[in-house]
Amino acid sequence: WWFMFRANYYGDHYDERGTIDDPDSPSAKVDDIIYVDLELGWDVTDNVTLTAGGSNIFDEFVDEIGAPNANRLSVGLQYPRRTAANYEGGSWYLRAAYNF
């Protein structure tokens, strides 16, 4: 058996659209966030491994960037599209692997 715990911290950052501190074309500030991942694995045999885990298990999201910045090309993106932080929410997975 093995267990993995990971916390990913992303500090404050700005959306790429606009200019920082420019009142005529402001850039949206995105607050810091922490994502937590977990994984549990089991070596069933020498060749078979089963794994279950979750990414961003608390289903956290980065800040929405607001209407002035969200309507890029009329597609209405509510989250910054080039943030290093995940904006797709949490996910869970099961994996089976066989090693030859």
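So how strong a dipole does the stretch 2-98 carry about its Cα centre when Lys and Arg Cβ are +1 and Asp and Glu Cβ are -1, to the nearest 20 debye? It would help to have the intermediate numbers written out before the result.
Values: 7 positive and 17 negative charges, 69 e Å.
I would put it at about 320 debye.
Out of Val62, Pro80, Trp1, whose Cα points farthest toward the positive end of the dipole of the chain (charges: +1 Lys, Arg; -1 Asp, Glu; placed on Cβ)?
It is Trp1.
Step by step: find N for the stretch 2-98, compute 2.2 N^0.38 Å, then divide the Cα radius of gyration by it. What's the final number? Don't jump to the answer; show the numbers that get you there.
Numbers: Rg = 18.4 Å, N = 97, 2.2 N^0.38 = 12.5 Å.
Normalised Cα radius of gyration, the stretch 2-98: 1.47.
How much length would be gained if the chain were fully extended between Asn47 and Asp31, taking 0.36 nm per residue of separation minus their Cα-Cα distance, in nm to one decimal?
On the way: separation 16, 0.36 × 16 = 5.76 nm, distance 4.42 nm.
Between Asn47 and Asp31, full extension yields an extra 1.3 nm.
Every read-out reported here was derived from the displayed coordinates using simple, explicitly stated rules and does not represent laboratory data. In this text, all values refer to a predicted model and were calculated from it rather than measured experimentally. So basically every Cβ, Gly included, is an ideal-geometry build from the backbone, and we count neighbours across all protein chains shown.
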